[in-house]
Structures are given as C-alpha cells and as structure tokens.
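Just below is one structure, and these are the notes that go with it.
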Amino acid sequence: MHDFLLLEDKTIAAIPFNGPRRGRVEKEMPNRINDKIRGVEEVRLVGDNVEQGIYTYQQAMRIADEQNLDLVEISATAVPPVCRIIDYQKFLYQKKRKEKEQKQNSKKIEIKEIRFGPQTDDHDYQFKLKHAQEFLKDGNKVKSYVFFRGRSILFKEQGELLLARFCNDLAEVGKPETTPKLEGKRMIVMIAPKK
C-alpha cells in the first residue's frame, strides 16, 4: 500500500506505507531505563561505581551520563525508587544467564513405572523392588501397578496384597501418595520419594 505526495513541481511521488506490521510486537523491557523513568523526582542509587544515597532524578542521570552507563530502575515500588547505574545490555545478559543456570540446576521429577502380574514370583519381586529403591533414591516417583490379564482379575486381592507389601518394603525411601486402586485392568499405586 502506498500514500501519494504531490511535490512542488506538480509530480506525484509514491511513499511506502509504514503502518503497523502484523506479527511484530515490540518486546517490553523488564526495567525502565534512563528517560523511560518518569514521574520520579528522587531516586535511591545503589551499586559498585557510585556513592549510595538519595539523589534527584537529574543528578542520577548526570552521573550515569558521565560514566557512559544507563540508569536502571531496579525496584519501582520502593519509595523513592531504587536505581542502579550499569550497562543495561550486560545486566540483561547476566540476568538471562542466571535464570538459565537455575533452570539447569532444578531437577525434573520423572515417573518410573514398575509392572507386576498377580502371581509375580519372589525373585522378580526382589529385582523390581531393587530398581524401585534406586529410582526413589534418585528423586523420581514410582508408579507401580499390577496388570490383570483375562480371568486373572479374579485375583485382585492378591494384587492388592502385592502392592501393599511393595509399599511397606519401600517405606525407608518412599511413601505412597495413594492407596492401591483398580483402574480398568490395572491396580495402581503412586510412590513419592521421601525428602
């Protein structure tokens, strides 16, 4: 789309329309900086490269200009607002890096499944119990279930006893979140690691 402009020498020139573009949204800055800090007469300056204290907004801006840095509002709700004189791009980079490190250090809890049959023998039971203990020690949840195939649904009491025994044997490292309950052909219990 073009707008037209009539020039002095009676020629018409097309001017491209630079209206709002779809899909492009300007990012909002998380902190107000420099001249974006409005309606403030005094600010509390903090930081390494400045003498801390309360300054007028104009004094704070002059100090920031002298150091070729930005005046960044850290806490807008404080009275007077807390500002720091820093390089804003560097500040954003360090903030992103810190958030990324925190995300990497936070552990994701996984749910590990252990499946039994209603007539699971003792050797298989001990093998699965050992794995469940390892999963719980690693901080993961364990979803344990007894799967009933065909007519084995008649042995649901055995499945309930098996899961109760399983929860008792894991009492040192985990605690059941629910009691064993039957969902279709499965009897399920969730076990969470102890803190």
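What to note about this one:
- Residue match in region 154-162 (condition: in the same structural domain as F127 (by TED's automatic domain parsing), outside any helix (DSSP H, G or I), touching a Phe, Trp or Tyr at 6+ places or on another chain (Cβ under 9 Å) and more than 30 Å from K108 (Cβ to Cβ)): no
- Q133 out of contact with any strand residue (DSSP E or B) (no Cβ under 7 Å at 6 or more places or on another chain), exposed (fewer than 12 other Cβ atoms within 10 Å of the Cβ) and in a helix (DSSP H, G or I): no
- All positions within region 37-71 that are touching a residue at least 12 places away in the same chain (Cβ under 8 Å), part of a helix (DSSP H, G or I) and either more than 15 Å from D87 (Cα to Cα) or not small (G, A, S) (or both): Y57, M61, I63
- Test result for T178, of a type in the set (S, T, Y), assigned to a loop (DSSP other than H, G, I, E, B) and under 31 Å from the mean Cα position of the chain (by Cα): yes
- I74 of a type in the set (A, V, I, L, M, F, W, C) and at pLDDT below 85: yes
- For region 2-12, the criterion of being modelled with pLDDT under 80, of a type outside the set (D, E, K, R) and touching a helix residue (DSSP H, G or I) at 6+ places or on another chain (Cβ under 7 Å) is met by none of the residues.
The values are calculated or read from the model by the stated rules, or taken from the named source; none is laboratory data. This structure is a prediction, so every number in the text was calculated from the model and none was measured. Positions of Cβ are generated from backbone atoms using ideal geometry, with glycine treated the same way; all protein chains shown enter the neighbour counts.
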